[in-house]
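See below for the structure under consideration.
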Amino acid sequence: MKNTKFILPALLLVAALVPLLTGNQLRLATELMTYVVLALSWNLIGGFTGYATFGNVAFFGIGAYTAAMFATKGLPLVSGVLAGSVLAGLFAVLVGLPVLRLKGHYFSIATLGVAEAIRSLVPNLNFLGGPNGLTVNTTFPDEGWYLVTLILAIGAVILVTYVRRGKIGFALRSIRDDETGAQSMGINVTYYKVLAFTLSAVLAGVVGGVYSGFLAFIDAPTVFQGEVTVTMLVMALLGGTDTIFGPVIGAIVLKIIMEYLWTNFQNLHGLFLGVVIILIVLFIPKGILPSISALWRNLKKNAGLPKRGVGHA
C-alpha cells in the first residue's frame, strides 16, 4: 500500500502496551518481534533478489553465540550483539561469494548444507560450551527485551524500506526477474547479490544476539534449528514477498496461529500447522498483502472509483 506513513507510528504505539502485558504475553510479544526481523531479513535475499535461502538460521546462531560468548567473558552484551552482527555479515560475504554462483534449488540446498554443517560443528567446540551450550547471565527485565526487539523491528522496516525503494531495490528486483538481462544492463549482479545476502545476515545476527540474552541460555539445537529458517520463510511468503510490510503481517498472523495450535493441540501442533500452511499456499499464494491490494483494486474497478489507491508496500 502506498500510504504507509501510519505503520511506523503504529509500531511505536505498540510500545505503550508494555504496562498492560503479563510475563507470558511479554515473552510472546518479544518472540513475535524477533520473527518480524527474521522474516524481513529473509525477504531481502529470498523475496527481493529471488534466491530462496534455507541457511539464514546460521547467521541467527552466529549472532546468538557471539553475544553469549561476550557475556560469559564479562563484557557488555551490547558489544557482543554488535560483534555478532559483524561476524554474521563477514561470514555471509565469505559464503555468499561461492554459493551465490548457484541458482534455484542448488542454491537452496547449498545454504541448507552450510547451516547444518555449523549446527553439527558447534556442539563439538569446547570454547563454545560444547554440547552444554552457554548461559547468559542478565538482569534485564522482560519489558526491556520487548522494547529492544520492537526497536530492532522498526529499524529493520526502515532498512528494508530504504533498500526496496532505492537503487539497490531496483537492482535486486532486476536480478530476480532476469539475471542475465540485469547483467547486460550494466548491473554488477555479484556485488548486489552479496550485498543483499550480507544485509540479510546482519539483521539475523543482530536479533540473534539479542535473543540469546532474552533466553539466558543457548545451545546449538535451539539457535541453529531448521524450524527457525522455515518459520521466517513461511512468514515472508504468507505476508507477501517483494513487499515491505508483507513479512511483518505474515509474522504476526503465523505467530498467532502457531501459538494457538501449540496451546490447544500440542501433540498435533506440527500436523495442524502443516495443514494451515498448505491452505494458505493454495488460497493466497501471493501472500496476504498482495491479495488485499488486488481485492481493493477489483472493488474500485467494479465500483467505478478513481484509480488512485492501494499498491504494494
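The values are calculated or read from the model by the stated rules, or taken from the named source; none is laboratory data. Given the structure is predicted, the values throughout are model-derived calculations rather than measurements. Note: ideal-geometry Cβ built from the backbone for every residue, glycine included; neighbour counts use all protein chains shown.
General remarks:
- Counting only helices (runs of 4 or more DSSP H) that sit wholly inside the stretch 131-198, not one has at least 2 residues that are on the phi > 0 side of the Ramachandran plot and not acidic (Asp, Glu).
- Residue within the stretch 49-68 that is touching a Lys or Arg at 6+ places or on another chain (Cβ under 7 Å), in a helix (DSSP H, G or I) and touching a residue at least 12 places away in the same chain (Cβ under 8 Å) present: no
- You will find that of 255, 193, 286, 300, the residue that is of a type in the set (Lys, Arg) and modelled with pLDDT of 90 or more is 193 and no other.
- Some residue of the stretch 207-220 being more than 30 Å from residue 26 (Cα to Cα), out of contact with any Asp or Glu (no Cβ under 7 Å at 6 or more places or on another chain) and not in a helix (DSSP H, G or I): no
- Conditions (1) outside any helix (DSSP H, G or I); (2) modelled with pLDDT of 90 or more: number failed by residue 241: (2)
- When the residues of the stretch 96-113 are filtered to those that are touching a helix residue (DSSP H, G or I) at 6+ places or on another chain (Cβ under 6 Å) and without any contact (Cβ under 8 Å) to a residue 60 or more places away in the chain, the one that is nearest to residue 233 (Cα to Cα) is 110.
- Complete set of residues in the stretch 11-40 that are among the small types (Gly, Ala, Ser) and at pLDDT 90 or above: 39
- Residues of the stretch 257-284 that turn out to be exposed (fewer than 11 other Cβ atoms within 10 Å of the Cβ) and closer than 15 Å to residue 240 by Cβ, as a count: 1
- Residue match in the stretch 82-93 (condition: of a type in the set (S, T, N, Q) and at pLDDT 95 or above): yes
- Looking only at the stretch 111-133, and only at residues there that are buried (at least 19 other Cβ atoms within 10 Å of the Cβ) and closer than 15 Å to residue 64 by Cα, the one that is farthest from the chain's Cα centre (by Cα): 129
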